[in-house]
Structure formats: C-alpha cells, structure tokens
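The values are calculated or read from the model by the stated rules, or taken from the named source; none is laboratory data. Just so you know, these numbers come straight off a predicted model, no measurement behind them. Cβ sites come from the backbone with ideal geometry, for glycine too, and all protein chains shown count toward neighbours.
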C-alpha cells in the first residue's frame, strides 16, 4: 500500500503545482506562443518582440483574451503532471525494487523519466494541440475545446506527436538534474528514521525554486529548436497565413516546419523567442517544483490518514 501512496502523493503534489504555476504565468505563455508561431521574413513580421503581442491585446481591448484557452491548458497541465509524476515515481520505485539498489543512477533516471514522459505525451496530446490552437488564434476568436478538436480529423488532434515524444528529453533532463542536485543538497541533512512510514524529506522553498530554475534552463536551451517547430505545427491558421493547402499541410510536418523557418528566418529563426521560452518555462517549473515540495508532506499526511481511515472502516465492517 505504501508503494501506491507515495506514487499518488507525488502525482497529486505535482499536478497541483502545475495548476497553480500555469494559471499565474498564462498571459506570458500566450504572448510567447503567438510570438513563436509567427514565421515571416524580418521585414514582414507582425511581432518584432514578445511585448508587441501584449500591446496588441491592450490596444484592441482584448486583454482578457490573453487567457484564451486557460481552462484547456489547466486541464492538460493537471493531467500531464499527474500522469508524469505518478509514472516517474512508479517506474523509479519499480526499478529500485527489481535492481535491489538503494539509489537510482543518472542513466537509469533518464530512462525512467523518458518512459514517464512518453506515457504523458500520448495521453495528453489532443489537449496540448487544442490549447496551442486556442492560444495562437486571433484575440477574441478562440473557440471552445470541443469545437477546436472537432474541426479537424482525429489524427489532426495528434499533430506534433512525434516531436512531442522527442521533447520528452526536456523533462527527462530537467527532473534528472533537479533530483540529482536535490539528493546532493539533502544528503547531509537526512536523519535516519526507524518508523515504518515517514514523510519524505523536502527542500526549502528557495532551494527548490533555484534548483528548478537551473534544471529547466539547461533543458530548454538544449531542446528549443524542436520546441519552436512544435508550436508551428500545432498553431492555428491566422487570417493572413499561407492559403495554399499544400503549403499549409507541409508546414504541419517536422520537415516542413524546419524548411519554413530556414527559408524565411534563417538559422537564428530556430532560436526566435528563446529568451521568452526560458523566462516562462524556468519560472513555471521553479514555481511547480517549489509548490510541489512544500505540499508533499501535507499530501503524504492526508494519504496516510485516508489509508488508516479506510483500514479502520474495513476492520469494523468485517467485525460487524
């Protein structure tokens, strides 16, 4: 039972952290996504900086549209983080049980994180695609989740699945770096507890924030070109976008996205919006991990209380 409790505790803490951080940073995420999705020659760009997206929303009195797709994004974030943290905790404990080791090495940690990430991507890809289309729609013209998904075919709901699976390297790198740094930081602070079930050790809020920011920054820089291509593939078509159907379909493939960026923006185009991506993802991940670390003990205690309540109830029913 302890096995399941720890996995569920990790998953719940991670999901709540994702929900809070996503909501706080959503306007920044919308501006970043719209900026990344635009692929034009330098003299034809609608947005020269990420601040231009914000100014457009303000000047057109569509500030609330910066939150378009928030519900879908929160749903996707909650489910993805729950699945990821549950899968990560599950596979990690399974590896330790099968190997008989007391700790997990870097290589094994990468494999475990990648497996959890792949499961997460497959489960949440339609929601990820829908949220990207909502964010990149013209301000005030975003559609509901059902309409967004029902407009195209079922396969289109999985646009960018291949590159999303490739990007599982991002959280794999992030959480591996975070876990390794966390273990080193807590190594001298751990106190042997002989209780049957003890609450997990937790970082301070500041330490979790710094380690989360550092680990995510490293992962983002390494995988950014793929992130830019993914946004292009999943983005909604604007009114002044390319109207040729063949070109539109070509841009919805990885090779087409790469060619389009190279042709119109050159090599530096693959890193357009990197600063905004780092700012958003670093803050988001740092907040997520900070919140997760601070509520892990509370979640653990609640899970233990629930376990004892269910055990007591079951015992009473059997004795009656």
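Does segment 104-114 contain any residue that is within 18 Å of residue 231 (Cα to Cα) and surrounded by 22 or more Cβ atoms within 10 Å (Cβ to Cβ)?
No - not one qualifying residue is present in segment 104-114.
Only residues that are loosely packed, with under 12 Cβ neighbours inside 10 Å and closer than 18 Å to residue 8 by Cβ: list them for segment 297-318, please.
Of everything in segment 297-318, those that are loosely packed, with under 12 Cβ neighbours inside 10 Å and closer than 18 Å to residue 8 by Cβ turn out to be 305, 308, 309, 310, 311.
Return the residues of segment 283-296 that are surrounded by 21 or more Cβ atoms within 10 Å (Cβ to Cβ) and under 13 Å from the mean Cα position of the chain (by Cα); say none if nothing qualifies.
Matches in segment 283-296: 284, 285, 286, 287, 288, 289.
Has segment 297-307 got any residue that is within 18 Å of residue 77 (Cβ to Cβ) and touching a helix residue (DSSP H, G or I) at 6+ places or on another chain (Cβ under 7 Å)?
yes
Any residue at all in segment 35-47 that is buried (at least 17 other Cβ atoms within 10 Å of the Cβ), within 16 Å of the chain's Cα centre (by Cα) and not in a helix (DSSP H, G or I)?
No, the conditions are met nowhere in segment 35-47.
What is the number of the single condition among (1) at pLDDT 80 or above; (2) assigned to a loop (DSSP other than H, G, I, E, B); (3) closer than 23 Å to residue 284 by Cα that residue 201 does not meet?
(1)
If residue 80 satisfies every condition in (1) modelled with pLDDT under 85; (2) buried (at least 20 other Cβ atoms within 10 Å of the Cβ) but one, which is the exception?
Residue 80 satisfies all of (1) modelled with pLDDT under 85; (2) buried (at least 20 other Cβ atoms within 10 Å of the Cβ) except (1).
For residues that are over 21 Å from the mean Cα position of the chain (by Cα) and either modelled with pLDDT of 85 or more or at positive phi (or both), tally how many sit in segment 148-178.
Residues flagged as over 21 Å from the mean Cα position of the chain (by Cα) and either modelled with pLDDT of 85 or more or at positive phi (or both) within segment 148-178 amount to 0.
Can you tell me which residue is farthest from the chain's Cα centre (by Cα) among those in segment 23-32 that are farther than 13 Å from residue 279 by Cβ and either buried (at least 21 other Cβ atoms within 10 Å of the Cβ) or free of Cβ contacts under 8 Å to residues at least 24 places away in the same chain (or both)?
So, considering only residues that are farther than 13 Å from residue 279 by Cβ and either buried (at least 21 other Cβ atoms within 10 Å of the Cβ) or free of Cβ contacts under 8 Å to residues at least 24 places away in the same chain (or both), the one farthest from the chain's Cα centre (by Cα) is 30.
Would you pick out the residues in segment 48-71 that are surrounded by fewer than 21 Cβ atoms within 10 Å (Cβ to Cβ) and at positive phi?
61, the sole residue that qualifies.
Only one of (1) part of a helix (DSSP H, G or I); (2) modelled with pLDDT under 75; (3) farther than 29 Å from residue 13 by Cα is not met by residue 243, so which one is it?
(1)
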